[in-house]
1. Which far-off residues, 5 or more places away or on another chain, put their amide H under 5 Å from the one on residue 96, with H placed in the peptide plane?
2. Where nothing but the Cβ of Lys and Arg (+1) and of Asp and Glu (-1) is charged, how large is the charge dipole of the chain around its Cα centre, in debye to the nearest 20?
3. Can you send over the carbon and sulfur percentage of the accessible area for the chain, probe radius 1.4 Å, protein chains only?
4. Choose one answer from 129, 150, 94: the residue with the largest mean-square fluctuation in a GNM of the chain with alpha-carbon springs under 10 Å.
5. Counting only the heavy atoms of the protein chains, how much of residue 106 is accessible to a 1.4 Å probe, in Å² to the nearest 10?
6. For residue 60 and residue 45 in the same chain, what is the full-extension length gain: residue separation times 0.36 nm, less their Cα-Cα distance, in nm?
7. Where in the range 165-202 are there trypsin sites (Lys or Arg not before Pro) that are in a DSSP coil and have at most 11 other Cβ atoms within 10 angstrom of their Cβ?
8. Quick check: from the Cα gyration tensor, does the chain come out rounded (a/c under 1.5), prolate or oblate?
Amino acid sequence: MKVWVLNLKHRKDRYNRITKALDKEGVDYEIFHGLYWKDENFNNILKLQDMEIYDKWKRNDGWNKLQRRNVNMGEAAVAASTILMWEKILEDGDDMVLCLQDDTVWKEGEMKRLIELVERNDEPVQESDAVFLCGYSINGYDYKFKPIDDNYETPEYMYNAHAIVYKKKTIENILANGYRKHLMSLDEYLMILSHTTDRMDVAEDLGVVNPLRYVKVQNSENILEQINDMDEVISDILNTPEI
């Protein structure tokens, strides 16, 4: 399984760290340089790519602060960059890929183990549209991950989409659901596609009808983590630096 990493060109520190870690795993990978929201040409690039930031996200009665504000530029940059990376992945033609953000960290050997687990193509993987190798609970949202077997569980509302295995057909499906014209938080968008969020008002704008099905590797949030710019491991999207 090929690994795709979303990275910003000026973040050479993250580039060096994750390429060194992936080299140790002995896996095939490609680095994709994304868009930086502080780039003076960012808005023009969005226009050239026929992309627009979703302007109806803010909800005054939202249950957390992320819902009580508009989509910010960092979220839009992650969304746009991910779309462009997905399009490149489709050009390569791989049936299944692992997408990472460049702030993902793990102990040596664990990435290879998780990839081999997913590549076994056990029944939960066969029946899923995407396999999350991450996912954290959010304060204020009452849910539990439901065990499927010894390796997998059924997730509900999750944040921190920094390590996900996608199938080719899933990427094609996602790109057909209006994301390009409705840029928003990748985490939120993926939850809308699985119908595991209360923001189904947004789903109506996107034209999302049939939910995607996700599975998650059990306890993977303790294996693949994110690290911030102070080299501190973080586990809550509310404190995660924007790309």
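1. Hits under the 5 Å cutoff: 168.
2. On the way: 31 positive and 46 negative charges, 103 e Å.
For this selection, approximately 500 debye.
3. Of all accessible area on the chain, carbon and sulfur atoms account for 43 percent.
4. Per the Cα network of the chain with a 10 Å cutoff, 150 tops the list.
5. Approximately 40 Å² for this residue.
6. On the way: separation 15, 0.36 × 15 = 5.40 nm, distance 3.04 nm.
Difference between extended and current length: 2.4 nm.
7. Here no loop site has a sparse enough neighbourhood.
8. Taking the square roots of the gyration eigenvalues as a ≥ b ≥ c, the chain is rounded.
The values are calculated or read from the model by the stated rules, or taken from the named source; none is laboratory data. For clarity, every value in this text was computed on a predicted model and none was experimentally measured. Here the Cβ is made from the backbone with ideal geometry for all residues, glycine too, and neighbour counts use every protein chain on show. The protein model used for the area step is the full one, side chains on, heavy atoms only, and it has no ligands, DNA or RNA in it. Shrake-Rupley method; radii C 1.70, N 1.55, O 1.52, S 1.80 Å.
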